[in-house]
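Student: Next up is a structure, given as structure tokens.
Coordinate-derived values only; no laboratory data. Every value quoted in this text rests on a predicted model; they were computed, and no experiment measured them. In this analysis, Cβ positions are derived from the backbone assuming ideal geometry, glycine residues included, and neighbour counts consider all displayed protein chains.
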Amino acid sequence: MEQVKMRQTPYVIGITLNLIFVLTELVFAKLAHSTALFADAFHNLSDVLALVIAWLAVVAFGLKATRKHTYGWHNVSILASVFNSILLLFAVVTIFYEGIRDLIVVPTIHTNGIMITIVAAVGIGINFFTAMLFRASGAPDEHGHHHGQDLNAKTAYIHLLSDAGVSVGVILAGILIQLTGIHMIDAIVSMIIGVIILVTSWPVMTSTFTMAINGVPKTINEKAILSYLKQYPGVEKLHDLHIWPLSTTETALTVHLSVSPDVDTQVLLEDMSQTLRQKYEIHHVTIQIERHAMNQPCNLI
């Protein structure tokens, strides 16, 4: 339980700092008449909401399993990651809409480049500091599971780092506007921000989609696992091998094994389960032993 509380700390700090900054940035975006600053604020707001959802997933991760929810609430972390991905796509669409609109209809009120630069500089410090909190939050929990690859924590880390980089771009836009007086730069930078968000988030989005449809997580080498099971001494045949995510950090496996009569099944189960957990990162292992190959093909394969 103490580990679960420790895992919540970066989220609480990150949500608080970024929410204060987003509200400040939205005010100054209005005062500076800056689409780029508005885009950056919207991106930061999407990160705040993403952090809230991810934080709730961490809270759910600490809830105990029940008879009705035999795997606990760990799957909530996948749902949170799906929501975050949708939120990011919505942010990108909004940013492009605002940027294109300002390119077509040039605002009559000019953008304040100095104000943009100052606000964006503050954002760099906040985003970088918060990102480092998530980088340092990969300690194993009370079950020995390592959460460094948690999609929600990884998403937060990527988003916050990209936010720091985006703020650099906003600062550059502010300086260029101040030097050249070309206010179209503001809209162009806002769309570049949208592209950066999409590119940096795409790998996590695809991983999220795979998990949402119970696909094999990208961190799991299913070919190596199949080879290990087939070549294990005493295993004659196998069928109904299924690998799927229980959460963004936990993976389950079930398989039917036909073994030779001289195999000590208890030793096989203990050794194979331990290897699958330690070497192949399978957290929940279910193996059904058969003395003879059963003619019951899986309908899913």
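Student: Trypsin sites (Lys or Arg not before Pro), restricted to the range 165-241: which are DSSP loop and have at most 15 other Cβ atoms within 10 Å?
Tutor: Qualifying residues, ordered by number: Lys218.
Student: Which one, Thr210, Ala173, Ile188, projects farthest toward the positive side of the charge dipole computed for the range 170-249 from Cβ point charges (K/R +1, D/E -1)?
Tutor: Thr210
Student: With angles folded into 0 to 90 degrees, how steeply does helix 151-180 sit against the dominant principal axis of the chain? Use alpha carbons for both and round to 10.
Tutor: 20 degrees
Student: Taking only DSSP H segments of four or more residues, each worth -39500 (n - 2.57), what value at 222 nm results for the chain once the sum is divided by all its residues, to the nearest 500 deg cm²/dmol?
Tutor: -22500 deg cm²/dmol
Student: With the chain treated as a Gaussian network of Cα nodes joined by springs under 10 Å, which of Ile126, Ile192, Ile20 yields the largest mean-square fluctuation?
Tutor: Taking springs between Cα atoms under 10 Å, the residue moving most is Ile20.
Student: Kindly provide the chymotrypsin sites (Phe, Trp or Tyr not before Pro) of the range 1-95 that DSSP labels as loop, not H, G, I, E or B, and whose Cβ sees at most 16 other Cβ atoms within 10 Å.
Tutor: Tyr71
Student: Let me ask another. When only Cα pairs under 8 Å and 6 or more residues apart are kept, what is the percent relative contact order across the chain? All intermediate terms of the calculation are to be shown ahead of the outcome.
Tutor: On the way: 444 pairs, mean separation 54.3, N = 301.
After rounding, I find 18 percent.
Student: Which far-off residues, 5 or more places away or on another chain, put their amide H under 5 Å from the one on Glu290, with H placed in the peptide plane?
Tutor: Counting only residues 5 or more places away or on other chains, the set is Leu257, Ser258, Val259.
Student: If you put +1 on each Lys and Arg Cβ and -1 on each Asp and Glu Cβ, how big is the dipole of the chain around its Cα centre, in Debye rounded to 20?
Tutor: The dipole of the chain has a size of about 220 debye.
Student: Once fully extended, how much extra length lies between Thr265 and Asn214, figured as 0.36 nm per residue of separation less the alpha-carbon to alpha-carbon distance?
Tutor: 15.4 nm
Student: Let me ask something else. Which distance in Å, rounded to a whole number, links the C-alpha centroids of the range 23-82 and the range 211-261?
Tutor: Rounded to whole Å, the Cα centres lie 32 Å apart.
Student: Once you charge only the Cβ atoms, +1 for Lys and Arg and -1 for Asp and Glu, what is the size of the charge dipole of the range 156-301 about its Cα centre, to the nearest 20 debye? All intermediate terms of the calculation are to be shown ahead of the outcome.
Tutor: On the way: 7 positive and 12 negative charges, 55 e Å.
Dipole about the Cα centre, nearest 20: 260 debye.
Student: In 10 Å bins starting at zero, report the fraction of Cα pairs in the range 171-275 per bin as a rounded %.
Tutor: Here the calculated profile for the range 171-275 is 12, 27, 18, 13, 11, 9, 7, 3, 0.
Student: Let me ask something else about it. Angle, helix 265-278 long axis vs. longest principal axis of the chain, Cα atoms, 0 to 90°, nearest 10?
Tutor: Helix 265-278 sits roughly 10 degrees off the main axis of the chain.
Student: Using label points projected 7 Å from each Cα along Cα→Cβ, tell me how many nm separate Trp202 and Tyr97, to one decimal.
Tutor: It is 2.3 nm.
Student: Something else now. Given Leu19, Ser247, Val105, which one lies farthest toward the positive end of the charge dipole of the chain, if we put +1 on the Cβ of every Lys and Arg and -1 on the Cβ of every Asp and Glu?
Tutor: It is Val105.
Student: Something else now. From largest to smallest, what semi-axes in whole angstrom does the chain give when each is the square root of 5 times an eigenvalue of its alpha carbon gyration tensor?
Tutor: Taking √(5λ) for each Cα gyration eigenvalue gives 49, 19, 14 Å.
Student: Could you check which residue among Thr248, Thr35, Thr265 shows the biggest mean-square fluctuation in a GNM of the chain with a 10 Å Cα cutoff?
Tutor: Maximum among the listed residues: Thr265.
Student: Report the extension gain between Arg291 and Glu222 in nm, rounded to one decimal, defined as 0.36 nm multiplied by the number of residues separating them, less their alpha carbon distance.
Tutor: In short, 22.4 nm is gained.
Student: Moving on to the next point. Would you tally the net charge around Val119, using a Cβ to Cβ cut-off of less than 9 Å, leaving Val119 out, and scoring K and R as +1, D and E as -1? Intermediate results must be reported in sequence, preceding the final value.
Tutor: Working: positive: none; negative: Glu25, Asp40.
Net local charge, Val119 excluded: -2.
Student: To continue, here is another question. Pick from Ser227, Ser162, Ser34 the residue whose mean-square fluctuation is largest in a GNM of the chain, springs joining Cα atoms under 10 Å.
Tutor: Ser227
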